[in-house]
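Read through the structure below, which is laid out as structure tokens, and then see the notes.
The values are calculated or read from the model by the stated rules, or taken from the named source; none is laboratory data. Quick caveat, the model's predicted, so the values are computed rather than measured. Heads up, the Cβs are rebuilt from the backbone with ideal geometry, glycines too, and the neighbour counts pull from every protein chain shown. Heads up: the accessible areas ignore ligands, DNA and RNA and are worked out on the full protein's heavy atoms, side chains in. Shrake-Rupley method; radii C 1.70, N 1.55, O 1.52, S 1.80 Å.
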Amino acid sequence: MKSFIDEKKIQELLNSAKGQEARVKKIIEKSLSKKRLELSEVATLLNIEDPDLIQEIFNGAKKLKEMVYGKRIVLFAPLYIGNDCTNDCQYCAFRASNKEARRRTLSDPELKKEVETLESKGHKRLILVYGEDPKYDANFIAKTVKLTYATKKDRGEIRRVNINAPPLEVEGFKKVKESGIGTYQIFQETYHQETYKKYHPRGKKSDYLWRLNGLDRAQEAGIDDVGIGALFGLYDWKFEVMGLVAHAIHLEKKYNVGPHTISFPRLQPAQGIKIDSKYLVSDDDFKKLVAILRLAVPYTGMILTARENPKIRKEVIDLGCSQIDAGSRIELGGYTDSGVDQEADRQQFKLGDTRSLDEVMRGLLEDGYIPSFCTSCYRLGRTGEHFMEFAIPGFIHQYCTPNALLTLKEYLEDYSSPKTREVGERAIQKALTKINNGKAKKVIIDRLCRIEKGERDHYI
Ligand code: SAM
Ligand code: SF4
């Protein structure tokens with residue numbers, strides 16, 4: 001196993017890219033032509049301090065986002081399956097040395113109940129989250145995925161199950177793929193080896209390369225839909241952005257397709273953890289890093305989680321995010337027991353946005369977005385390389401917006417509060433007026449009517 005992260009080169013690029021303000025406009029233009037940026041170009045953007053140029057970076061990111069992803073924001077919820085863990089990540093409340101943590105693994109009936117609760121709120125897309133423990137092996141993960149898909153309540157069903165779990169062997173990934181997963185996410189946490197060693201002193205996760213090459217093994221097992229991420233706050237944020245882009249370039253070169261998503265969680269307070277890292281990322285730098293990532297990898301989905309508070313989420317979504325979680329509970333069994341305040345000994349870290357799904361939906365609609373539960377691409381095989389083919393001619397507007405409208409309509413019919421329904425119906429009408437292709441518009445209106453009459457699961 002080899003590292004494709006060349007720390008020396010990253011550092012040299014970051015050092016030598018200072019004072020290159022004159023290149024910024026050209027780099028933004030390249031990105032707006034939907035070309036992935038090179039590391040040297042990313043380094044230039046990362047070194048910009050001039051407020052006017054930073055504003056140009058923000059404007060470029062917003063424009064690119066609108067071009068590639070339109071107004072839709074995909075919604076999902078995390079579902080924690082088990083918090084037993086043999087690792088000792090120094091930032092996580094589930095770490096083995098945290099004796100205060102209440103350990104729990106959902107039984108099948110408990111998992112079913114959590115899924116039913118999520119379905120009855122309107123969720124269609126979940127990400128299942130696991131600690132690292134021998135009992136959470138590939139068979140266990142596959143079993144929980146199948147049970148999640150098989151659990152249906154009233155009109156509710158989960159149509160896409162993503163995974164956030166430790167890296168497996170190729171054979172294990174194959175087994176998990178067979179269960180019908182969407183994305184397999186593994187965060188490298190930090191791409192800086194020395195820092196990695198400091199924060200992961202024990203357990204299987206202490207092996208930097210095993211984790212770094214995890215998604216290569218996933219690809220070899222046929223999982224062409226993978227998610228990368230870094231935990232911002234452990235090391236220099238500029239280095240981590242370079243690491244993420246280097247990871248994306250590596251996957252793109254080797255497998256012809258980059259990561260499907262990038263996540264950029266910021267370190268949050270967690271039980272028994274004093275955050276004294278000098279690398280904590282300020283709100284201003286956070287906005288910069290999101291905008292630069294957006295420009296660097298135009299076709300990669302970007303996930304903003306409920307770790308961030310509603311105000312920051314509102315500002316950052318605009319800079320390039322395509323997916324957010326909503327109505328999230330990260331305590332084990334937290335959806336079934338909802339109503340209880342966040343409990344430190346049951347959750348991995350503290351959430352910044354604890355609004356309900358309905359409130360988040362309404363907020364998005366009021367801000368001009370179209371919340372989407374679309375699962376069409378994955379179900380029609382538009383993933384990996386195929387996704388890239390479809391994405392390039394701008395098919396997002398052709399497929400994503402209609403599918404967003406259809407899944408929003410389902411939500412409004414089945415789950416929404418009267419207030420959200422009102423804003424949502426208005427948003428659908430407004431979006432329809434913007435569709436110029438008469439034939440396409442007719443198809444969408446016909447499907448919306450059919451949903452109103454009780455049909456479900458229409459997608460294009
Ligand atoms: N145990 C698996 C692993 O480590 O890959 C599953 C993921 S863990 C439950 C999900 C992610 O949460 C981690 O990869 C890490 O980036 C993030 N995380 C852990 N502690 C955190 C904290 N205190 N604040 C924010 N994010 C945290
Ligand atoms: Fe375990 Fe994952 Fe938490 Fe590390 S981040 S202690 S591996 S649950």
Q.
Going residue by residue through the stretch 86-96, is there one that turns out to be assigned by TED's automatic domain parsing to the domain that holds GLU359, closer than 25 Å to ILE275 by Cα and free of Cβ contacts under 8 Å to residues at least 24 places away in the same chain?
A. yes
Contact list, first residue from the stretch 128-141 and not assigned by TED's automatic domain parsing to the domain that holds VAL115 and open to solvent by 20 Å² or more (accessible area, probe 1.4 Å), second anywhere and part of a strand (DSSP E or B) and away from ligand 1 (no atom under 11 Å from the Cβ), beta-carbon distance below 8 Å, six or more apart or interchain, is none
Exactly one of ARG36, ARG102 is within 16 Å of ligand 1 (Cβ to nearest atom) and of a type in the set (D, E, K, R), and that residue is ARG102
From the option list LEU111, LEU64, LEU118, LEU147, single residue qualifying as at pLDDT 95 or above, within 20 Å of the chain's Cα centre (by Cα) and either under 26 Å from GLY227 (Cα atoms) or not acidic (Asp, Glu) (or both) is LEU118
Considering residues that are of a type in the set (A, V, I, L, M), within 25 Å of GLN348 (Cα to Cα) and part of a loop (DSSP other than H, G, I, E, B), the number found within the stretch 245-280 is 5
Reported set for the stretch 93-125 where residues are within 16 Å of ligand 2 (Cβ to nearest atom) and among the small types (Gly, Ala, Ser) is ALA93, ALA96, SER97, ALA101
For the stretch 166-184, indicate whether the set of residues that are at pLDDT 95 or above, within 13 Å of ligand 2 (Cβ to nearest atom) and under 22 Å from the mean Cα position of the chain (by Cα) is non-empty.
-> yes
By residue number, the members of the stretch 308-327 that are in a loop (DSSP other than H, G, I, E, B) and surrounded by 22 or more Cβ atoms within 10 Å (Cβ to Cβ) are GLU308, LEU319, GLY320, CYS321, SER322, ALA326, GLY327
Test for LEU209: is it away from ligand 1 (no atom under 14 Å from the Cβ) and open to solvent by 10 Å² or more (accessible area, probe 1.4 Å): yes
Those residues of the stretch 188-201 which are within 13 Å of ligand 1 (Cβ to nearest atom) and either among the hydrophobic types (A, V, I, L, M, F, W, C) or not in a loop (DSSP other than H, G, I, E, B) (or both) amount to GLU189, TYR196, TYR199
Log entry, pairs with first residue in the stretch 1-28 being over 30 Å from GLU169 (Cα atoms) and surrounded by 13 or more Cβ atoms within 10 Å (Cβ to Cβ), second being among the acidic types (Asp, Glu) and modelled with pLDDT of 95 or more, beta carbons closer than 6 Å, six or more apart or on different chains, reads ILE27/GLU41
ASN59: passes all of (1) under 23 Å from ILE324 (Cα atoms); (2) open to solvent by 50 Å² or more (accessible area, probe 1.4 Å); (3) in a loop (DSSP other than H, G, I, E, B) but (3)
Flagged pairs (Cβ under 9 angstrom, 6 or more apart or on separate chains; first in the stretch 68-84, more than 12 Å from THR105 (Cα to Cα) and of a type in the set (Lys, Arg); second open to solvent by less than 10 Å² (accessible area, probe 1.4 Å) and in a loop (DSSP other than H, G, I, E, B)) are ARG72/SER322
When every residue in the stretch 249-281 that is open to solvent by less than 20 Å² (accessible area, probe 1.4 Å) and within 15 Å of the chain's Cα centre (by Cα) is compared, the one farthest from ligand 2 (Cβ to nearest atom) is GLY258
In the stretch 353-378, anything of a type in the set (Asp, Glu) and open to solvent by 20 Å² or more (accessible area, probe 1.4 Å) is listed as ASP358, GLU359, GLU366, ASP367
ask   = Do we find that SER417 is modelled with pLDDT under 95 and of a type in the set (Gly, Ala, Ser) in this structure?
value = no
Within the stretch 77-92, of all residues that are farther than 27 Å from LYS177 by Cβ and more than 21 Å from the chain's Cα centre (by Cα), the one nearest to ligand 2 (Cβ to nearest atom) is ASP88
- Task: Might you check whether a residue that is under 25 Å from ALA431 (Cβ atoms) and either within 12 Å of ligand 1 (Cβ to nearest atom) or among the basic types (Lys, Arg) (or both) occurs anywhere in the stretch 308-320?
- Result: yes
Only one of (1) charged (D, E, K, R); (2) open to solvent by 30 Å² or more (accessible area, probe 1.4 Å); (3) within 14 Å of ligand 1 (Cβ to nearest atom); (4) under 18 Å from the mean Cα position of the chain (by Cα) does not apply to LYS204, and that is (4)
When every residue in the stretch 66-88 that is open to solvent by 10 Å² or more (accessible area, probe 1.4 Å) and in a loop (DSSP other than H, G, I, E, B) is compared, the one nearest to ligand 1 (Cβ to nearest atom) is CYS85
